[in-house]
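Worksheet: the structure to be examined is printed underneath.
Just so you know, all these numbers are worked out from the coordinates, no wet-lab data involved. The structure displayed is predicted, hence computed values, not measured ones. Positions of Cβ are generated from backbone atoms using ideal geometry, with glycine treated the same way; all protein chains shown enter the neighbour counts.
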Ligand code: SF4
Ligand SMILES: [Zn+2]
Ligand SMILES: [Zn+2]
């Protein structure tokens, strides 16, 4: 057993204290033959500190495309020649999407908009949309609307949005290679306001943007410092027309190493499979991740791409004897 | 017959001539993506992805769903 896994067994599994950056890096550098042991330990950590439940979430795009920012992975930036056109979802369709999501047994419904930050029109749409969902659907509402002002944070709390997603996307040292229209620190500032407001913080990122393994470890350590309630882990799905459109996808074993390492850095967080897992890991890898530290999934489609059918994930959870977290348990 | 050919004139993923070669990767990608270009006129469509399914609207040829 490699030394780092022995250390993690005592420190993370035993005491619930996450690995630091050097420890995460050691896990990310483990040779293939030790990957199963790392995944098993990450799974044990998840079972001990989070339990067997899996949090299921659906997401929908309220405002798609035409974003003024230049995140190099994103097909919704209006600055690239991506084929994604700008479109708004109306409130009845938003409520219908929440209903479809609730039918899968999901307890979370995240409303997302491709913006730098919300304007008055978007906040008004959110207020109407969240009220309409709460009146008709038994589900918790989360939001992801970019960078916020303090007033907007307060408004979202007032609407009853219980969790806010704002991804740091990658580590601080690599961020300027991925985004030039705003800074990592600006993102951090929004996260700080969200945390202070009492809303749950959801913050993760994308692996495979061209960051080094060291920078992946840096990212895990920075997330651990933020201590988000939830960390969505995406793997780059290279989008046509974006600056990262020709990048290779993350190799399956590296993705699994990252899952184990992020779990060992953050024993208590909700670690969610988000976008890109279908192309990076396929069906088999999805199972390996759920047995290697993941305890939450996005089911159904994503914002501009499609996922595998919700039933495929729900059947897998059933087979793995992992109960879907119930609404009452999240309130 | 003419109708069928016209309906598949353009690749709905990359927007290039559908009769040219090289769309195998588009076909694979389309299993996890909605269409982006109208296959009849090549216009970029307004596409809304929903948790279950998607809808795509061509200003000229109307809505398709999947
Ligand atoms: S801010 Fe969000 S929607 Fe806009 S380009 Fe960046 S990732 Fe895409
Ligand atoms: Zn094509
Ligand atoms: Zn058309």
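When every Cα-Cα distance of chain B is counted in 5 angstrom steps from zero, the calculated P(r) takes the values 4, 19, 27, 26, 17, 6, 1, 0 percent. Counting Cβ atoms of other protein chains within 10 Å of each residue's Cβ and taking the mean over peptide A:93-103 gives 2.
The ellipsoid that matches the Cα gyration tensor of the protein assembly as shown has semi-axes, each √(5λ) in whole angstrom, of 33, 25, 21, with the longest given first. Largest GNM mean-square fluctuation across A:204, A:289, A:16, computed for chain A with C-alpha springs under 10 Å, falls on A:16.
Working note: 222 nm ellipticity from helices only, DSSP H runs with n ≥ 4, each -39,500 (n - 2.57), summed and divided by the residues of chain A, gives -12500 deg cm²/dmol to the nearest 500. Could you give the distance between the Cα centres of region A:40-68 and region A:205-270, to the whole Å? When both Cα centres are located, 13 Å separates them.
For B:8-19, what's the mean count of beta carbons from other chains sitting within 10 Å of each residue's beta carbon? Partner-chain Cβ atoms within 10 Å, mean over residues of B:8-19: 1. With a Förster radius of 56 Å applied to the C-beta separation of residue A:226 and residue A:93, the computed FRET efficiency comes to 0.95. Across A:308, A:121, A:195, mean-square fluctuation computed from a Gaussian network of chain A (C-alpha pairs under 10 Å connected) peaks at A:121. Between helix A:213-226 and chain A there is an angle of about 60 degrees, using the helix long axis and the longest principal axis of the Cα atoms. Restricting the calculation to Cα atoms, region A:156-251 shows an Rg/Rh of 1.00 when the hydrodynamic-style radius is the Kirkwood one. Other protein chain C-beta atoms within 10 Å of residue C-beta, averaged over B:39-51: 6.
Between the alpha-carbon centres of region A:120-139 and region A:290-323 there is a gap of 26 Å.
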